[in-house]
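Asker: Dumping the structure here so I can ask a few things about it.
The values are calculated or read from the model by the stated rules, or taken from the named source; none is laboratory data. Small disclaimer: the values here were computed from a predicted structure and weren't measured. Note that each Cβ is placed from the backbone with ideal geometry, even for glycine, and that neighbours are counted across all protein chains shown. All accessible areas refer to the heavy atoms of the entire protein, side chains included, with ligands and DNA or RNA removed. Shrake-Rupley method; radii C 1.70, N 1.55, O 1.52, S 1.80 Å.
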Amino acid sequence: MNGKDRIARHLNLGISDRTPVMCQLSIGHYFLHSGIDPVEIWFESGAFAEALVNMADRYSFDGVLINLPGRSDVYKNSVKEIQRSHDEIKVIWKNGHYTILPFDDNPHYYTPAGERIFPTFDDIDPEQLYYVEPWDVTEVKFPFFWGFDEHREKSDFFPDYHFDTIRKVKSLAGNRLSVHSEVFSPWSQFLELLNYENALMAIMDDPIKVKVILSQLTEGTIDLAKKQALEGVDAILISSAFAGAGLISRDQYNEFVLPYEKRIISEVRQTSDVPVYTHTCGSIGDRLDLMLETGTRGIDTLDPPPLGTVDLAEAKQFLSGKVFIKGNIDPVNTLLYGSREDIISDVTRRIQTGKPGGGYILSSACSVAPHTPPEHIMLLAELAEQHGKY
Amino acid sequence: MENTEKELFSQLAQAVIEGKQEITVALTNELLTLGTEPKRILDEGLMPGMEVVGIRFRDNIIFVPQVLISARAMKSSLAILEPLLSKSDISGAGTIIIGTVKGDIHDIGKNIVAMMLRSSGFKVVDIGIDAKVEKFLLTAEQEGAQILGMSALLTTTMGYMKTVVTRVRDDKLPYKIMVGGAPISRQFAEQIGADGYARNATEAVAMAKKLMEEFKTAS
Ligand code: B12
């Protein structure tokens, strides 16, 4: 059985030959370990697709998550100069702005004064919002445009190249790996757009305007998810990193997250069979019931203490038969800092708890940290072979 | 007069708790017009309000959005009061340099801690995110600080706290050091030789008070 079939069984809450394995790797991990130049990984669909598949193969993962948008080669026309030093790469653009690519972390785009630009809440006219892509080459803008000057109408908002990485990953490994794409939750887009704190205050200041904004962003997200489904992905992940108890209450989740994610999921379901699942990191132990109400097919990460609040056995009991679950290995204390013995005992326990009845994908909770030793990650598939057989 | 003042103090505390910026500013101005000393507005209106905010946040009754609007309200009142407060009024409880360490840009938690410390009478100099050891030390020297507070949310950056602690000890600098952030634990704090650790902003205030005492005893 290959990875694609193995994961498919679990997405459908079933069992397979053994527990599948699939982790989201941080971009910094690809920079450090894929052997491909960070500039190419960040700015080129083909190179990122190669990095995704190479690393999935190296770690014997059963699937990949494509967590950057496809890119256009047009970026090259805007490059003035690329400077490399021992710990970062600086791409200077013709407009005077620049992008810093640390050797082990996500890049960011800066003005000549070294700042990042964000609109204010008052600047936002909800009518003009559709989808905010935080990892666009020039990051968030209002009104949003792609790259340096590509303005597009809502009716044709997503450029064709946006789907290139999906296409390339599919052509490299689509017949054997489970290929997952990503859309951002409207709540995440809103936080990224206003640089977090201002967005969090906005829900207190003018909740009605925030809801109009979220509704607008929901439309673009539905459009994107449907287009990804048409590209033939095996699953779509809603990235919703800011919906845990570290940042908002259950009530706020109910108001500003749930209805919008629910609508995305039900709309996608009307036109395709591709499962949609949710990635929310941090403390979600108090809101698993609300996450279920979105109609999600699966819940990803399930951070254990200290970073989160999820006990896998409890979560399994509560969620079993309702949604698939993915995650729960502590990426920090176990995968990054743990000894070989720590990892073996921790991961084995996860497999034993998650495996019964199926619907479980063995994974780090949230992404694998940049400096995690590759041999630690390789242990996951080995242990799934040893202890994960059905 | 006594009564009006008392009533206004309690309204001011309530406005801070509810994060009502305009009301906070209006009440601050009203108290000043009545001739109330700026220091008392801080001690008897703003600080008791923020204290409630801290406790409710610790107990998961309110969450980050509410804390942020309370902080914003408090800040706008402080902007009026600060030029009127004497130097000793501002740094009465001591001076703390706080920052998120090199490589790390998470600052929501650090900002909340800074604000709670401020509202407990400390002078807090916030050196922002991605802060290197030199910035901590230079600012501490310029400000005559007693405590350094470091925040880190990433495993890739928490190690940098040790760089700062080691430098402070090697250079035999007198500063007390406290650390925090989601992945930090008491054990980790001990391991790197920090003087204190706090899980949240309310505990951070208690820890800062303790370290300030220790600093005084030591010198
Ligand atoms: C918001 C957030 C972001 C925002 C930050 C916005 C900002 N301006 O701060 C953004 C999107 C930019 C971000 C980026 C990244 N993030 Co982030 N992020 C979070 C998130 C969702 C919440 C953090 C937060 O603000 N919590 C709320 C505050 C109030 O809590 P707090 O910070 O813990 O602070 C409290 C206490 O810790 C304490 N405290 C804090 N500081 C101090 C200091 C002192 C002196 C004391 C005494 C106490 C103290 O008091 C505070 C108040 O009570 C967490 C997930 C989570 N649940 O923690 C991930 C998380 C922290 N991020 C994570 C990661 C991996 C990243 C990225 C590397 C991802 C990426 N590659 O893009 C980047 C890193 C960028 C960088 N170089 O820093 C991981 C870290 C894993 C790890 N430990 O290594 C987390 C845990 C998510 C996860 N589960 O994987 N992130």
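Asker: Which percent of the Cα-Cα distances in chain B go past 32 Å?
Answerer: Summing the P(r) of chain B above 32 Å gives 20 percent of all pairs.
Asker: Using only Cα atoms and rounding to the nearest 10 degrees, what angle (0 to 90) does helix B:21-33 make with the longest principal axis of chain B?
Answerer: That helix lies at roughly 60 degrees to the long axis.
Asker: Using the 2.2 N^0.38 Å rule of thumb for compact globular proteins, work out how the stretch A:241-390 stacks up: its C-alpha Rg over that value, please.
Answerer: 1.06
Asker: Next question, about the same structure. Under 12 Å from the Cβ of B:A194, count the other residues' Cβ atoms, weight Lys and Arg +1, Asp and Glu -1, and hand me the total.
Answerer: My count for the surroundings of B:A194 gives +2.
Asker: Per 5 Å bin, what percent of the C-alpha pairs of the stretch A:103-144 does each bin hold, from zero upward?
Answerer: Taking every Cα pair in the stretch A:103-144, the percentages come to 5, 20, 25, 23, 16, 7, 3, 1.
Asker: What number, in nm² with one decimal, is the all-direction average of the projected area of the convex hull of the alpha-carbon atoms of the stretch B:95-218?
Answerer: Projected over every direction and averaged, the Cα hull of the stretch B:95-218 covers 6.3 nm².
Asker: Okay, next question. Divide the volume of the convex hull of the Cα atoms of the stretch A:76-189 by its number of residues and quote the answer in cubic angstrom per residue.
Answerer: 157 Å³
Asker: For chain A, what is one quarter of the convex hull surface built on the Cα atoms, given in nm²?
Answerer: If I average the Cα hull's projected area over directions, I get 17.7 nm².
Asker: Which translational diffusion coefficient, to the nearest whole µm²/s, is obtained for the stretch A:38-96 from the Stokes-Einstein equation, given a Kirkwood hydrodynamic radius over C-alpha pairs, 4 °C and 1.567 mPa s?
Answerer: It comes out at roughly 99 µm²/s.
Asker: Can you give the relative contact order of chain A as a percent, counting alpha carbon pairs under 8 Å and 6+ residues apart?
Answerer: Relative contact order for chain A comes out at 21 percent.
Asker: Here's another thing I want to ask about it. Find the all-direction average of the projected area of the Cα convex hull for the stretch B:2-86, expressing the result in square nanometres with one decimal place.
Answerer: Averaged projected area of the stretch B:2-86's Cα convex hull equals 5.1 nm².
Asker: I would also like to ask the following. Step through the table entries B:K110/B:K162; A:K211/A:K316; A:K168/A:K226, compare each Cα-Cα distance with 24 Å, and write down the pairs that go over it.
Answerer: A:K211/A:K316
Asker: Same structure again: In the stretch B:41-55, which residues have a backbone nitrogen under 14 Å from the label point lying 7 Å from B:A206's Cα in the Cα-to-Cβ direction?
Answerer: Once the point is set 7 Å along Cα→Cβ of B:A206, B:54-55 turn out to lie under 14 Å by backbone N, inside the stretch B:41-55.
Asker: Less than 18 Å from a label point 7 Å out along the Cα-to-Cβ axis of A:I208: which backbone N atoms in the stretch A:242-266 qualify, by residue?
Answerer: A:255-256
Asker: 222 nm [θ] for chain A, helices only, -39500 (n - 2.57) per DSSP H run of 4+, per residue, to 500?
Answerer: The helix contribution divided over chain A gives -12000 deg cm²/dmol.
Asker: Still on this structure, please answer the following. Take the alpha carbon atoms of the stretch B:140-219, find their center, do the same for the stretch A:239-291, and report the distance between the two centers in whole angstrom.
Answerer: 37 Å
Asker: Please report the relative contact order for the stretch B:2-86, taking Cα pairs under 8 Å with a sequence separation of at least 6, and give it as a percent rounded to a whole number.
Answerer: Once divided by the residue count of the stretch B:2-86, the mean separation gives 42 percent.
Asker: Note down the nm distance, to one decimal, between modelled labels 7 Å out along Cα→Cβ at A:E314 and at A:D87.
Answerer: With each label placed 7 Å out from Cα toward Cβ, I get 4.0 nm.
Asker: Between 0 and 90 degrees, rounded to the nearest ten: what's the tilt of helix B:2-18 against the longest Cα principal axis of chain B?
Answerer: 50 degrees
Asker: Leaving out ligands, DNA and RNA but keeping every protein chain, what accessible area does A:Y390 have, in Å² rounded to the nearest 10, with a 1.4 Å probe?
Answerer: 90 Å²
Asker: GNM on chain A, C-alpha springs below 10 Å: top fluctuator among A:G28, A:G114, A:G46?
Answerer: A:G114
Asker: What is the distance in Å between the Cα centroid of the stretch B:8-82 and that of the stretch A:373-390?
Answerer: The two parts, judged by their Cα centres, are 54 Å apart.
Asker: Below 8 Å, C-alpha to C-alpha, sequence gap of six or more: please give me the relative contact order for the stretch A:106-194 in percent.
Answerer: Reported as a whole number, the value is 32 percent.
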